[in-house]
């Protein structure tokens with residue numbers, strides 16, 4: 001009998017949260033490797049409102065990753081240590097990301113793109 005009561009209470013709580021519009025934003029996680037003079041992958045795509053988690057590492061020297069429009073910045077130490085950055089994709093558009101730490105003569109070519117698709121009506 002007790003298990004049925006717990007299950008009903010849990011379902012009621014979930015239905016109440018859904019009715020109130022209390023749904024968590026989806027989380028999109030990406031692993032990005034930085035090396036002279038590129039990011040792999042160099043394009044990521046999410047939806048407006050998503051929570052974005054970037055798991056970053058360098059395959060060679062110190063690099064950085066900056067998305068100025070979203071105030072995102074990380075330094076990736078040489079040696080491959082993973083650095084995680086988390087942010088909300090709170091506005092639609094295309095946002096370049098660049099290496100924010102000088103990494104050699106091709107540094108200025110080290111770029112990528114974050115695409116944030118607009119929220120779907122509904």
Worksheet item: Quick check, is residue 99 in contact with a helix residue (DSSP H, G or I) (Cβ under 7 Å, 6 or more places away or on another chain) and crowded, with 18+ Cβ neighbours inside 10 Å?
Response: yes
Discussion item. I'd like the residue in the stretch 68-80 that is surrounded by 15 or more Cβ atoms within 10 Å (Cβ to Cβ) and either in contact with a helix residue (DSSP H, G or I) (Cβ under 7 Å, 6 or more places away or on another chain) or within 21 Å of residue 118 (Cβ to Cβ) (or both) and, out of all such residues, is modelled with the lowest pLDDT.
Written reply: 70
Item to complete: Working carefully through the options 65, 51, find the one that is buried (at least 18 other Cβ atoms within 10 Å of the Cβ) and in contact with a strand residue (DSSP E or B) (Cβ under 9 Å, 6 or more places away or on another chain).
Response: 65
Worksheet entry | Search result, residues across the stretch 90-104 that are free of Cβ contacts under 8 Å to residues at least 60 places away in the same chain and in contact with a strand residue (DSSP E or B) (Cβ under 7 Å, 6 or more places away or on another chain) | 91, 92, 93, 94, 95, 96, 97, 98, 100, 101
Fill in: Matching residues in the stretch 105-116 - criterion: being more than 16 Å from residue 72 (Cβ to Cβ) and surrounded by 14 or more Cβ atoms within 10 Å (Cβ to Cβ)
107
Practice prompt. Look through 65, 114 and report the one residue that is in contact (Cβ under 8 Å) with a residue 60 or more places away in the chain and not in a helix (DSSP H, G or I).
Written response: 114
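The values are calculated or read from the model by the stated rules, or taken from the named source; none is laboratory data. The shown structure was predicted, so the numbers you read here are calculated from the model rather than taken from an experiment. As a convention, Cβ positions derive from the backbone with ideal geometry for all residues, glycine included, and neighbour counts pool all protein chains shown.
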